[in-house]
1. Grab every C-alpha pair in the chain, bin the distances at 20 angstrom width from 0 up to the longest one, and report whole percents.
2. Roughly what would the spin-label model give for Phe102 and Cys289, points 7 Å off Cα along C-beta, in nm?
3. Name the most mobile residue of Gly245, Gly64, Gly278, meaning the one with the largest mean-square fluctuation, in a Gaussian network model of the chain with Cα contacts below 10 Å.
4. To make sure I understand the rule: partners must be aspartates and glutamates, Cα under 20 Å from the Cα of Lys42, and not fewer than 8 residues away in the same chain. Which ones qualify?
5. At 0.36 nm per residue, and after removing the present C-alpha to C-alpha distance, how many nm does the segment from Leu91 to Ala53 gain when stretched out fully?
6. Using each residue's phi in the stretch 47-55, evaluate 6.51 cos²θ - 1.76 cosθ + 1.60 at θ = phi - 60° and report the 3J(HN,Hα) Karplus result to the nearest Hz, with x for Gly and Pro.
7. Return the long-range amide H neighbours of Ile260 (sequence gap of 5 or more, or a different chain), with a cut-off of under 5 Å between placed amide H atoms.
8. Relative contact order (percent) for the chain, with alpha-carbon contacts under 8 angstrom and 6 or more residues of separation?
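Every read-out reported here was derived from the displayed coordinates using simple, explicitly stated rules and does not represent laboratory data. Everything numeric in this text was worked out from a predicted model, so none of it was measured. Note: ideal-geometry Cβ built from the backbone for every residue, glycine included; neighbour counts use all protein chains shown.
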Amino acid sequence: MSVLKNIFINRAQSRLRAGWRILIYFLSFFLIAALANFILKKSFPVEIIRRLATFLVIPLIAFGTLWLAARFLDHRKFEDYGFHLSRRWWLDFLFGLALGAFLFSVIFICEKAMGWIAITGYFQNQKDGYIGLPFVIPLLMGLMLCVLVGLYEEFLFRANLLTNLSEGLNKRSAMPSKAVAWAYILSSLAFGLAHSLNPNAALVGVINIILGGLFIGLPFVLSGELAASIALHISWNFFQGLFFGFPVSGVFENTSVIAIKQGGPQIWTGGAFGPEGGLIGSLAIILGCIFVWLWFRVLKRPIALFNELAEYHSLK
């Protein structure tokens with residue numbers, strides 16, 4: 001019985017072991033989200049009303065399940081997931097928004113200069129359920145979706161998974177920095193594999209999503225704060241799809257400020273998967289990592305793994 005208990009319980013910390021905490025959290029989130037989605041579909045047959053309800057309900061589920069995990073599974077303060085709100089936190093948030101916009105502006109300018117894209121129109125909306133509405137409505141709905149995805153994916157893969165993996169891998173014989181490094185890599189692999197079933201996904205696209213996980217997670221593992229990661233995730237998706245008209249991880253938005261026709265070599269452009277599926281996406285990710293490094297350098301912050309991610313601090 002004692003051996004069996006050790007499989008599930010970390011006696012030194014008086015809580016479930018990291019793997020079980022992660023499993024319970026992920027299952028709870030997806031089961032509750034699936035149930036909510038089923039109820040919303042039955043309750044709101046009109047698509048635009050259902051989407052509005054979804055934008056209200058899913059963030060509450062994402063926040064609620066993470067808060068419950070903090071309280072009853074991880075036994076930590078919610079802010080220790082990367083939400084120590086301060087002037088610096090919001091400054092990093094603005095940096096993340098600006099960086100995502102900058103990187104996709106560079107991609108767009110480069111592809112246009114190479115003749116790989118042609119602009120076919122502006123302020124176009126072909127999204128089912130939104131046709132005939134003022135353009136600002138589907139644009140704002142799309143922005144809300146970007147915010148939703150940016151929040152819950154960062155909750156899942158960085159706040160919960162990366163943090164718990166860091167603690168779980170920080171054995172007595174291991175150094176905290178080594179545990180954080182492995183957690184950083186493994187959470188990014190999970191992030192990439194979670195997108196491998198997206199439409200038009202291919203090897204380069206999956207590799208780039210893994211690299212994207214490393215890129216988006218970089219500010220978090222350097223600072224322990226999620227501000228830049230959340231903002232970068234939101235901005236990256238918004239400017240990729242809703243502003244410049246590229247597919248986002250294989251999903252075509254049908255609403256964009258600039259409508260384009262994609263051409264050029266697929267190995268570079270990513271084709272139907274979008275820039276994330278091509279080498280131009282790889283270069284943008286590398287450029288993004290350089291700018292994150294420069295941001296920390298200019299602000300004279302430590303450029304080293306944030307070892308506290310691997311150190312458990314209980315509620316007591």
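1. 31, 57, 12, 0
2. Using points 7 Å along Cα→Cβ, the separation is 1.7 nm.
3. For the chain, modelled as a Gaussian network with Cα springs under 10 Å, the answer is Gly64.
4. In chain and number order, the partners are Asp128.
5. Answer, rounded to one decimal: 10.6 nm.
6. 4, 5, 5, 4, 5, 4, 5, 4, 5
7. Amide H to amide H, under 5 Å and 5 or more residues apart or across chains, Ile260 pairs with Thr120.
8. 24
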